Amino acid sequence: MQNVGINKEVSRVSQPHSIINDPDKLVFLVREAKEGSLEAFDSLTIMFRERLYSVIYNMTFNHDDAADLTQDAFVKAFRSLSKFKEKSSFFTWIYRIGVNLTLTYLKKRKANKFFSFDYFLTEGIPIRESEKFSSKESNSVRTTLLNELHEKLNEALIRLSDKHRTIVVLYEIDGLSHREIASIMKCTEGTVRSRLHYAKLQLQSFLSDYLK
């Protein structure tokens, strides 16, 4: 696999996170990269690869897959820079590439780990026998119960459409706003809210045997 963009040896970029908050500098880097500057593209990669890796990992639940897909996303972005018209932010553009690559990968590989028990805790959704998940229970009992619930959660998420599952991951796990997700998924914010609401209802329905 080519190693375009993701370069562990690059250290010439100072304070990359401050550049993210400086639109003018970010636009400058994007345009330099489009003109062929590998250093500028390395700078963009350093700024965004951790966030992109995070969302891809939370869609695949596999470190190796997430690393490969993140790499592939930046390789594709590098090859497609001339097509980037700057109508959206570079952040949105690279996320869209990464999400689409991951969705394609999931369809091919039938990956089935996306979620965690913590979702139900943060959502305040009651779970049957939830007291058994407490730290007072033996590790073996707690582990068994968690594994069983994780398996059911994964099965439930697989039953969602790819678009609904992706929106759940982007919103609940990666913490993106409705507006950011709408831009990445090329739909309206209203559609994001509608799909998210529907996905939650579907998840609760699929897991009705495990919810109080």
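Read-outs: derived from the displayed coordinates by stated rules, not from any lab. All values derive from a computational prediction rather than experimental measurement. Using ideal geometry, Cβ is built from the backbone for each residue, glycine included, and neighbour counts are taken over all protein chains shown.
General remarks:
- Compared with the direct C-alpha span, the chain from L38 to S205 gains 55.2 nm at full extension, assuming 0.36 nm per residue.
- Taking θ as phi - 60° and the Karplus parameters 6.51, -1.76 and 1.60, the scalar couplings of the range 179-196 work out to 5, 5, 5, 4, 5, 5, 8, 6, 8, 7, 5, x, 5, 4, 4, 5, 5, 5 Hz in sequence order, x denoting glycine and proline.
- Out-of-range pairs (alpha-carbon distance over 30 Å; input K25/K107; K83/K200; K83/K107; K25/K163): K25/K107; K83/K200; K25/K163
- Ranking of I184, I158 by count of other Cβ atoms within 10 Å, fewest first: I158, I184
- The simple Förster model, with R0 at 35 Å and r as the Cβ-Cβ distance, assigns D22 and R159 a FRET efficiency of 0.20.
- Least to most buried among L207, L103 (fewest other Cβ within 10 Å first): L103, L207
- For V99, V30, the sequence from fewest to most other C-beta atoms within 10 Å is V30, V99.
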